[in-house]
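S.K.: Quick one: structure below, then a few questions.
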Amino acid sequence: MSSTVTPSPRVIETLQQYWGYDSLRPLQHDAIRAGIEGRDSLVVLPTGGGKSLCYQLPAVVENRTDLVISPLIALMKDQVDSLRANGVPAAAVYGGIPIPEMRKIAADLHAGKLRLLFTAPERVLSTRFVNTVREANIRAIAIDEAHCISHWGHDFRPEYRRLSELKHFFPKASRHAFTATATEQVRSDIVRQLDLTDPVTLVGSFDRPNLTYRVVPRRNKIDQVADILRRHKTGAVIIYCLSRKDTEELAATLKALGFNAAHYHAGLDPAKRQRTQDDFARERVNIICATVAFGMGIDRSDVRAVIHATMPKSVEHYQQEAGRAGRDGLPAECVLLYSAADVMLWEDLIQKSADDADFVVDPTIIKAMFAMLRQMQAYATSMGCRHAALVEHFGQELGKDNCEACDTCLGEVGDVEDCTVLAQKVLSCVARLEERFGVGQIVDVLQGANTERIRQFKHDQLSTYGLLAEMNKDDIRKRVHDLLDQGLLVRKEVESGAKTWSAIGLNGASWDVMRGQRKVHLAKIEKRAVRSHASDADPWAGVDRECVEALRHLRTELAEEENTAAFIIMHDATLRDLAKHKPVTRAQLLGIQGIGKAKAKRFGDRIITVIQRFRDPNDTVVDDTPPRPSRSRFQSSKTVTAAKAKAFEMFADDASLEEVATSISRAASTTSGYLAEYIALKQPESISAWVDDEAYERVAAAFDEHGSRRLKIVHEALDGEVSYEVLKIVAAYWEGLEEEE
Ligand code: ADP
């Protein structure tokens with residue numbers, strides 16, 4: 001169903017006044033209309049698609065109290081905080097809420113003051129809750145994360161199953177199910193389980209064009225993860241690991257490498273879990289190594305990358321977890337580090353969980369789980385467009401040949417070639433070696449190497465010796481790994497007497513290839529290069545990035561003061577819009593995406609004060625707010641020039657002063673001035689890329705004695721041995737440290 005009617009002025013006015021948005025997204029209008037008209041609905045929109053607005057807005061437009069059922073307390077609290085920040089009265093009822101607070105909620109509810117009341121599925125049908133809300137004349141109930149009701153979904157929750165009784169307890173209320181993941185099977189399960197009456201079914205596009213998908217063979221996990229992290233210096237990164245131990249180890253290693261990373265899993269004690277979630281929400285920590293337990297409650301919209309260090313067990317899981325990237329609509333990437341070993345690991349885990357269950361597991365469920373695993377493996381080993389593969393999985397078509405946002409379409413994996421004959425040579429070599437040797441020996445035999453081990457085992461007499469003599473060892477090794485990745489070779493344990501070792505072996509698929517019953521396509525061998533996709537720059541057109549960073553800083557301050565998460569104060573898209581239009585009056589502020597009346601009133605003055613610093617002094621502004629004095633003499637009041645922007649970008653990659661000066665064709669003194677400015681603004685953790693440790697120690701000691709503002713005195717105290725450029729750089733860093741303290 002798609003709407004032919006435009007939203008009513010009442011809907012648009014409410015949207016602008018409370019949410020600060022100008023228009024509704026496709027399908028939001030239809031979903032909102034169903035809510036207003038009281039018609040049951042099932043709304044399937046991808047993560048970041050804007051589902052919450054669909055069930056929040058009708059209650060405000062109609063001035064009524066609607067109920068929202070949500071599976072996690074953290075999710076409810078975030079929504080309540082966001083609504084209140086927008087000036088919409090809302091509350092959440094959950095276990096452990098203090099009695100006086102509960103009384104206040106009940107009083108507000110009965111006085112008709114609340115627009116939205118959130119609660120958990122296990123509570124909504126309790127006699128106490130039903131009695132409390134009975135008089136409130138509930139007209140609509142939203143069920144968020146509705147896929148939890150289905151066995152076929154990936155987050156099945158038994159307490160969702162009772163929700164069919166909602167109809168009985170709240171006969172006058174329409175019911176509206178919302179989910180991001182729904183195959184045909186899950187969709188019909190939701191409708192059946194909730195007993196929806198002739199529901200309006202709205203299914204949005206599953207494609208997330210701002211996400212760039214990549215699948216990379218896992219070789220050296222740490223290096224690969226660190227490389228990706230270096231590409232994302234702002235915003236957040238989530239790294240999904242398979243086990244709790246993996247999350248802890250990876251976070252510890254990343255920390256040792258200088259990344260500000262934390263770990264998260266369901267085994268942590270609740271206080272530590274909460275602390276980590278808060279640190280992440282408030283941008284004190286930007287990198288989280290987590291199991292899938294880190295998920296639903298996370299509403300940070302500036303996740304710039306989701307890395308899977310291990311393959312997940314289904315495409316549904318992958319889509320849901322990777323979908324946490326780029327909810328703000330800005331470019332983000334999703335990288336899957338794949339190894340065929342993951343498939344075997346999952347097979348074992350699925351089988352083990354079935355064997356260990358204290359009830360007999362329906363064999364069709366196990367079969368379905370294995371089928372889902374194969375689909376995921378097919379995604380990981382495919383050489384086709386990743387966007388197309390994902391939307392096709394959900395029964396949709398991408399509608400274009402080249403998505404320009406996946407490793408295959410960007411040409412990063414190189415062209416694909418028919419490698420069937422080559423694969424047959426490798427596989428028969430493994431067969432000749434009786435599946436008892438590792439990759440190194442296979443490569444040596446195929447290459448025809450003259451090593452002691454070859455001579456010792458008389459492998460130079462095998463028919464496969466020197467079969468790939470025309471290739472170099474690295475390339476042969478890569479092909480062996482490719483075949484492992486595609487599941488055409490397997491790793492196995494070999495035993496002989498008391499000894500066991502790991503070797504490369506064959507499976508059914510290997511024999512299909514050797515018999516010529518299966519073709520093998522592999523990416524042409526060339527160096528993988530990560531290219532950015534065409535639209536990467538678009539969302540930043542006309543945006544003053546420096547201003548965004550200053551606003552981000554303000555957002556952190558406000559979040560601390562308000563004791564809430566940064567995204568509740570303002571989304572990244574709002575920061576960008578502010579830094580693009582640079583409003584300096586209240587009226588102009590209301591024209592910004594995501595700023596309604598409540599936020600303009602509460603935070604307006606402070607936002608404007610920051611923006612003032614970045615306005616061109618020649619701009620005429622009707623403004624009555626005095627500019628705030630600059631915190632540091634290095635902070636620029638002008639828009640960054642192109643050369644400076646380029647320099648900042650290079651400094652972010654730790655480029656040396658000489659390199660930057662040459663690249664931007666500026667004098668060394670100008671470049672070091674830029675560096676000081678960069679350091680004051682970005683406050684990098686270390687400046688060792690530009691000032692060696694010994695010089696730093698000397699200057700720091702002199703600053704301790706004389707202060708960092710009296711550079712002439714410090715210069716003299718150091719017998720003129722340290723240049724003013726270096727002094728300024730250290731001073732910028734030093735002042736940043738002092739501010740932190
Ligand atoms: P979902 O629940 O579907 O994952 P959200 O409801 O959290 O998505 O919305 C995702 C983001 O999109 C949020 O930042 C939200 O404020 C923003 N958003 C939603 N609707 C609109 C709209 N009509 N215009 C602009 N931004 C919107």
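The values are calculated or read from the model by the stated rules, or taken from the named source; none is laboratory data. Fair warning: this is a prediction, and the values are worked out from it, not measured in the lab. Here the Cβ positions follow ideal geometry from the backbone for every residue, glycine too, while neighbour counts run over all protein chains shown. For accessibility, only protein heavy atoms count, side chains too; no ligands or nucleic acids. Shrake-Rupley method; radii C 1.70, N 1.55, O 1.52, S 1.80 Å.
S.K.: Every residue in the range 251-279 that is surrounded by 15 or more Cβ atoms within 10 Å (Cβ to Cβ), charged (D, E, K, R) and more than 26 Å from Lys233 (Cβ to Cβ), please.
M.R.: Answer for the range 251-279, where residues must be surrounded by 15 or more Cβ atoms within 10 Å (Cβ to Cβ), charged (D, E, K, R) and more than 26 Å from Lys233 (Cβ to Cβ): just Arg273.
S.K.: Continuing with this model, one more query. May I ask you to say which residue of Ser665, Ser637, Ser630, Ser672 is out of contact with any Cys (no Cβ under 8 Å at 6 or more places or on another chain), modelled with pLDDT of 75 or more and surrounded by fewer than 16 Cβ atoms within 10 Å (Cβ to Cβ)?
M.R.: It is Ser665.
S.K.: Considering each residue of the range 335-385, count those that are of a type outside the set (A, V, I, L, M) and at pLDDT 80 or above, and give that number.
M.R.: The number of residues fulfilling the criteria is 18.
S.K.: Here is a follow-up. Give the residues of the range 575-590 that are open to solvent by less than 60 Å² (accessible area, probe 1.4 Å) and either charged (D, E, K, R) or within 17 Å of Gly87 (Cα to Cα) (or both), sorted by residue number.
M.R.: Arg576, Asp577, Lys582, Leu589
S.K.: Then there is this: What's the number of the condition Ile288 fails, among (1) surrounded by 22 or more Cβ atoms within 10 Å (Cβ to Cβ); (2) in a helix (DSSP H, G or I); (3) among the β-branched types (Val, Ile, Thr)?
M.R.: (2)
S.K.: What are the residues in the range 323-334 that are over 20 Å from Leu254 (Cβ atoms) and either modelled with pLDDT of 90 or more or not assigned by TED's automatic domain parsing to the domain that holds Arg244 (or both), if any?
M.R.: Once the filter is applied, which keeps residues that are over 20 Å from Leu254 (Cβ atoms) and either modelled with pLDDT of 90 or more or not assigned by TED's automatic domain parsing to the domain that holds Arg244 (or both), the range 323-334 yields Gly323, Gly326, Pro331.
S.K.: Would you check which residues across the range 420-439 are part of a loop (DSSP other than H, G, I, E, B) and at pLDDT 90 or above and list them?
M.R.: Leu433, Glu434, Glu435, Arg436, Phe437, listed by residue number.
S.K.: Can you give me the number of residues within the range 444-464 that are within 17 Å of Ser510 (Cβ to Cβ) and either in contact with a Lys or Arg (Cβ under 6 Å, 6 or more places away or on another chain) or surrounded by fewer than 16 Cβ atoms within 10 Å (Cβ to Cβ) (or both)?
M.R.: Final tally of qualifying residues: 1.
S.K.: Given the conditions (1) open to solvent by 50 Å² or more (accessible area, probe 1.4 Å); (2) part of a loop (DSSP other than H, G, I, E, B); (3) within 29 Å of Ser510 (Cβ to Cβ), and given that Arg374 satisfies all but one, which numbered condition is not satisfied?
M.R.: Arg374 satisfies all of (1) open to solvent by 50 Å² or more (accessible area, probe 1.4 Å); (2) part of a loop (DSSP other than H, G, I, E, B); (3) within 29 Å of Ser510 (Cβ to Cβ) except (2).
Residue-by-condition table, conditions (1) touching a His at 6+ places or on another chain (Cβ under 7 Å); (2) modelled with pLDDT under 90; (3) more than 26 Å from Lys646 (Cβ to Cβ):
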site	(1), (2), (3)
Ala550	no, yes, no
Arg576	no, yes, no
Val584	no, yes, yes
Gly596	no, yes, yes
Ile607	no, no, yes
Asp623	no, yes, yes
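S.K.: Taking the range 412-430 as the region of interest, how many residues are touching a residue at least 24 places away in the same chain (Cβ under 8 Å) and open to solvent by 30 Å² or more (accessible area, probe 1.4 Å)?
M.R.: Qualifying residue count for the region: 8.
S.K.: Any residue in the range 272-294 that is within 16 Å of the ligand (Cβ to nearest atom), in contact (Cβ under 8 Å) with a residue 12 or more places away in the chain and touching a Leu at 6+ places or on another chain (Cβ under 6 Å)?
M.R.: no
S.K.: Could you grab the pairs with beta carbons closer than 6 Å, sequence gap of 6+ or different chains, first residue in the range 7-32 and in contact (Cβ under 8 Å) with a residue 60 or more places away in the chain, second one part of a helix (DSSP H, G or I)?
M.R.: Short answer, once both residue conditions are applied: Gln17/Lys597; Tyr21/Leu15; Ala31/Cys54.
S.K.: If we only count helices (runs of 4 or more DSSP H) wholly inside the range 1-102, which ones have 3 or more residues that are crowded, with 17+ Cβ neighbours inside 10 Å and more than 11 Å from the ligand (Cβ to nearest atom)?
M.R.: 28-37, 51-61, 73-85
S.K.: Does Arg479 meet the test of being closer than 21 Å to Asn220 by Cα, open to solvent by less than 70 Å² (accessible area, probe 1.4 Å) and either touching a residue at least 24 places away in the same chain (Cβ under 8 Å) or part of a helix (DSSP H, G or I) (or both)?
M.R.: Spelling it out, Arg479 is indeed closer than 21 Å to Asn220 by Cα, open to solvent by less than 70 Å² (accessible area, probe 1.4 Å) and either touching a residue at least 24 places away in the same chain (Cβ under 8 Å) or part of a helix (DSSP H, G or I) (or both).
Matching residues to (1) in a helix (DSSP H, G or I); (2) more than 27 Å from Thr234 (Cα to Cα); (3) touching a residue at least 40 places away in the same chain (Cβ under 8 Å):
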position: Ala689; (1), (2), (3): no, no, no
position: Glu705; (1), (2), (3): yes, yes, no
position: His715; (1), (2), (3): yes, yes, no
position: Glu721; (1), (2), (3): no, yes, no
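S.K.: Please enumerate the residues belonging to the range 213-250 that are within 18 Å of the chain's Cα centre (by Cα), of a type in the set (S, T, N, Q) and open to solvent by 10 Å² or more (accessible area, probe 1.4 Å).
M.R.: Scanning the range 213-250 gives Gln224, Thr234.
S.K.: Okay, moving on. Just to verify a result, which residue in the range 166-192, among those that are more than 31 Å from the chain's Cα centre (by Cα) and open to solvent by less than 70 Å² (accessible area, probe 1.4 Å), is farthest from the ligand (Cβ to nearest atom)?
M.R.: Only one residue tops the list, namely Phe169.
S.K.: Here's something else I'd like to know. (1) away from the ligand (no atom under 16 Å from the Cβ); (2) modelled with pLDDT under 85; (3) out of contact with any Asp or Glu (no Cβ under 6 Å at 6 or more places or on another chain): which one isn't true of Ala534, the others all being true?
M.R.: (3)
S.K.: Right, something else. Is it the case that some residue within the range 245-260 is more than 20 Å from Val303 (Cβ to Cβ), in the same structural domain as Thr310 (by TED's automatic domain parsing) and touching a residue at least 60 places away in the same chain (Cβ under 8 Å)?
M.R.: Yes - at least one qualifying residue is present in the range 245-260.
S.K.: Take the range 377-407 and flag every residue that is out of contact with any helix residue (DSSP H, G or I) (no Cβ under 9 Å at 6 or more places or on another chain) and open to solvent by less than 20 Å² (accessible area, probe 1.4 Å).
M.R.: His387, Ala388, Val391
S.K.: Oh, and also: Among (1) of a type outside the set (Gly, Ala, Ser); (2) surrounded by 21 or more Cβ atoms within 10 Å (Cβ to Cβ); (3) at pLDDT below 85, which single condition is Trp690 missing?
M.R.: (3)
S.K.: On to the next question. Can you tell me which residue within the range 302-320, out of those that are charged (D, E, K, R) and open to solvent by 10 Å² or more (accessible area, probe 1.4 Å), is modelled with the lowest pLDDT?
M.R.: Glu316
S.K.: Now a separate question. Would it be correct to say that Ser688 is more than 15 Å from Tyr733 (Cβ to Cβ), of a type in the set (Gly, Ala, Ser), in contact with a helix residue (DSSP H, G or I) (Cβ under 9 Å, 6 or more places away or on another chain) and in the same structural domain as Glu735 (by TED's automatic domain parsing)?
M.R.: It is false that Ser688 is more than 15 Å from Tyr733 (Cβ to Cβ), of a type in the set (Gly, Ala, Ser), in contact with a helix residue (DSSP H, G or I) (Cβ under 9 Å, 6 or more places away or on another chain) and in the same structural domain as Glu735 (by TED's automatic domain parsing).
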